[in-house]
Amino acid sequence: MNVRQFVERRRARWQRFEELLDAVRWANGRNLDRAALDELGRLYRQTATDLAYARLHGADPSVVEYLNSLMGRAHGILYRARRGSLRDGLRRFWYSFPAAVRRNARYVALAIALVLLGAFIPFAMIVANPAVAQALVDPQWRPIFEQWKRGEQRPPGHTGLSAVMSSFYFINNSRVAMLAFGLGIFWGIPTVYLLIANGYLLGTLAGEMYHVGKLGFLLVSIYPHGVPELGAVFLCGGAGLMLGRAMIAPGDLTRADAVRQVAPDAFWMLAGSIVLIFFAAFIEAFFSFFAFPNWAKFLWGTVELALLLAYLLGVREPARPA
């Protein structure tokens, strides 16, 4: 067969192949039946053979270019990565986040211990000697502490600035969480400092509230938003400690490889923490600081804690059939 005859005999085949490719490209193949899909696969193999023949026998460069372009389009369409849907992404997050937390529970436990340590020391010092509080409390926090000690709460329904405050809480708490996570790359030192510093602030406030007889008021007021907010701090802190551990003791790996090894779990923990902070911001702005009954706040926080623990400890991805 000479080259001219080859092109004439194959032209209809190539045009049909191009039509099927367009159908897959623009309609994702939904308008093709089983027979058309089988035909598409057959034409793909035949056109690949035609391209090899055209190159071998010196066909016109325009023909080779056309076939080469056709095969490039076909490869890009037939072998492209499957597009993930929003539903697929949410499903992956739903299962990957708690799995990452369970795999790295020791780092989360260490983050909790550092916060509690940072809180216990100033709390014990202020309980033993109230005068110490003047030296321990940063002057910039003094107005907020005094407001807490007065037990001020907003009446339910007065939500004028709540939307603005929820945005502020979300942005501020997200910044702290990301710092606790991201700065872990510096051998975990900034993460340890931030965890202890957050605990220190809570401990000094709790110590002063204890001496004015409002420690219970403090705990029940922060309980509703504290569950997701502190949970996010613990998780981001744990993720930062994971990065720090990879930098300090990479084992047989390079530090870069050790960080890459823990990075997927660390990022899932960060992503879950951002979701928790989002919920905490709305609860803090619209519920925690309003004069709702203490039993309602206690019940809210307890239900949150139970649901969060059940999710983190109990949700597991179902096994896929072989």
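The values are calculated or read from the model by the stated rules, or taken from the named source; none is laboratory data. Worth saying up front: this structure is predicted, and the values here are computed from it rather than measured. So basically every Cβ, Gly included, is an ideal-geometry build from the backbone, and we count neighbours across all protein chains shown.
The conditions of being assigned by TED's automatic domain parsing to the domain that holds A105, at pLDDT 80 or above and in contact with a His (Cβ under 9 Å, 6 or more places away or on another chain) are met by A281.
Scanning the range 206-225 turns up one or more residues that are more than 27 Å from Y107 (Cα to Cα), in the same structural domain as V176 (by TED's automatic domain parsing), among the polar types (S, T, N, Q) and out of contact with any Pro (no Cβ under 7 Å at 6 or more places or on another chain).
Conditions (1) among the small types (G, A, S); (2) exposed (fewer than 13 other Cβ atoms within 10 Å of the Cβ); (3) within 30 Å of L21 (Cβ to Cβ); (4) at pLDDT below 85, marked per residue:
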| position | (1), (2), (3), (4) |
| --- | --- |
| A59 | yes, no, yes, yes |
| V63 | no, no, yes, yes |
| R82 | no, yes, yes, yes |
| R92 | no, no, no, no |
| Y95 | no, no, no, no |
| A100 | yes, no, no, no |
| Y107 | no, no, no, no |
| L110 | no, no, no, no |
| L114 | no, no, no, no |
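If you go through the range 221-252 and keep only what is surrounded by fewer than 20 Cβ atoms within 10 Å (Cβ to Cβ) and more than 25 Å from M178 (Cβ to Cβ), you end up with G251, D252. When W300 is tested against the conditions (1) aromatic (F, W, Y); (2) under 13 Å from P228 (Cβ atoms); (3) modelled with pLDDT under 90, the lone failure is (3). Among the residues of the range 276-313, those that are without any contact (Cβ under 8 Å) to a residue 40 or more places away in the chain and within 18 Å of S96 (Cα to Cα) comprise L307, L309, A310. The residues in the range 201-215 that are surrounded by fewer than 16 Cβ atoms within 10 Å (Cβ to Cβ), touching a residue at least 40 places away in the same chain (Cβ under 8 Å) and of a type in the set (G, A, S) can be counted, and the count is 0.
How many of the residues in the range 99-139 are in a helix (DSSP H, G or I) and within 30 Å of L313 (Cα to Cα)? Looking only at that region, the number is 21.
Taking the criterion of being surrounded by fewer than 15 Cβ atoms within 10 Å (Cβ to Cβ) and outside any helix (DSSP H, G or I), the only residue of the range 32-55 that qualifies is D33.
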